[in-house]
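Here's the structure we're looking at; comments come further down.
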Ligand SMILES: Cc1ncc(COP(=O)(O)O)c(C=O)c1O
């Protein structure tokens, strides 16, 4: 069934599409525009590593450029990189993907997400996802003609998605469940048992799962559970992975998707016409990252862990209740004690104390009452931010 658009929009010419009008600009960007006009701001806002890409990874790309590797690659990406990704997934999760037909190299998880949605959705198909969730999820669903069906998650339950809540929202039009754990914005991680409940539901109802695991390597004191490694889920999962976070490679625009051949073939068809291939220098760098980057990941993870503990303790001390996030590099403390909404809190904190955090509502309605604080910044910055936030919270109690 095609979507029913408002009548007055069906005949408009010389204008932008109704579909595009359904999405708004990222709430995070709005905030950073404000921030860039101010001096001396301590930012816990932007969700990217403060490390530069490890030198040997940059060097691999420089070397390949020097050698003249400046062409398109195969649409699917360099076979060597697909082989490295396959061997990484085998080592990490005992998952076997055929690098020839079950893997595609994408321009970041962002492109992987877009391709996944466009490959599986028909107009009017519903996609269940947690609220709050990563800002790009609902727009990617809408732009592919789908309908996002957000499932409220709560701080009391560490913002985990419950299988029973999903079950209550399954309809004839439910095509997929889109999850992303460790979570941006909450830092929540779901245990293997909790994920298995969702897997069971997906299998029973024959629903596809798109699992964004970009933070898989950034977990603290626990093991990451890959959704595709759950019983029966390899064939029914589109696994999205990337290099941006764990290897500090946000600017390179490189990631991958793994799924059964039939799905990867359709994703590759779309990618071939819209992206053609991921940048070759980024692919060269990613090969180096997978081959020799594990020690760097470990080092950065240790440093994030140190910062995580300081931030969680500090936030709870100043009365911003915050559960201990076990993954990614975000905390999602409550601001309710101040009587301010998330947006008011973030705006006033920026103006009065020059600390940037992101309002929880940028990630969905259920983010109300919370703000996202990213700890991918120096300990000195975190300590400075906590001092300023403490003053702010005391003033607004
Ligand atoms: C959950 C999640 N998925 C995907 C992305 C985008 O990743 P990439 O840089 O690989 O496009 C981000 C970036 O913040 C993210 O937090």
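Taking region 200-229 only, how many residues are crowded, with 23+ Cβ neighbours inside 10 Å, free of Cβ contacts under 8 Å to residues at least 60 places away in the same chain and either over 19 Å from residue 134 (Cα atoms) or away from the ligand (no atom under 13 Å from the Cβ) (or both)? Going through region 200-229 one residue at a time, the tally reaches 3. Does region 305-325 include one or more residues that are surrounded by 23 or more Cβ atoms within 10 Å (Cβ to Cβ), touching a strand residue (DSSP E or B) at 6+ places or on another chain (Cβ under 7 Å) and closer than 24 Å to residue 92 by Cβ? Checked region 305-325: at least one residue is surrounded by 23 or more Cβ atoms within 10 Å (Cβ to Cβ), touching a strand residue (DSSP E or B) at 6+ places or on another chain (Cβ under 7 Å) and closer than 24 Å to residue 92 by Cβ.
For region 123-158, give me the residue count where each residue is farther than 30 Å from residue 321 by Cβ, more than 16 Å from the ligand (Cβ to nearest atom) and in a helix (DSSP H, G or I). Within region 123-158, residues that are farther than 30 Å from residue 321 by Cβ, more than 16 Å from the ligand (Cβ to nearest atom) and in a helix (DSSP H, G or I) number 1. Contact map, region 230-247: residues that are more than 15 Å from residue 267 (Cα to Cα) and away from the ligand (no atom under 16 Å from the Cβ) paired with residues that are at pLDDT 95 or above and part of a loop (DSSP other than H, G, I, E, B), Cβ distance under 7 Å, separation 6+ or inter-chain. Pairs shown: 234/95; 235/260.
Considering the conditions (1) over 15 Å from the mean Cα position of the chain (by Cα); (2) surrounded by 24 or more Cβ atoms within 10 Å (Cβ to Cβ); (3) on the phi > 0 side of the Ramachandran plot, residue 187 is excluded by exactly one of them, (1). Being in contact (Cβ under 8 Å) with a residue 60 or more places away in the chain, buried (at least 20 other Cβ atoms within 10 Å of the Cβ) and more than 15 Å from the ligand (Cβ to nearest atom): is that true of residue 260 here? Answer is no for this residue. For region 112-122, the set of residues classified as assigned to a helix (DSSP H, G or I), more than 7 Å from the ligand (Cβ to nearest atom) and either in contact with a strand residue (DSSP E or B) (Cβ under 7 Å, 6 or more places away or on another chain) or closer than 15 Å to residue 142 by Cβ (or both) consists of 112, 114, 115, 116, 117, 118, 120, listed by residue number. Of note, residue 83 does not satisfy the criterion of being in a loop (DSSP other than H, G, I, E, B), without any contact (Cβ under 8 Å) to a residue 60 or more places away in the chain and under 28 Å from residue 288 (Cα atoms).
Scanning region 86-111 for residues that are within 16 Å of the ligand (Cβ to nearest atom) and either in a loop (DSSP other than H, G, I, E, B) or farther than 20 Å from residue 286 by Cα (or both) returns a single hit, 107.
The values are calculated or read from the model by the stated rules, or taken from the named source; none is laboratory data. It should be emphasised that the depicted structure is a prediction, and the values quoted were computed from it without experimental measurement. Cβ sites come from the backbone with ideal geometry, for glycine too, and all protein chains shown count toward neighbours.
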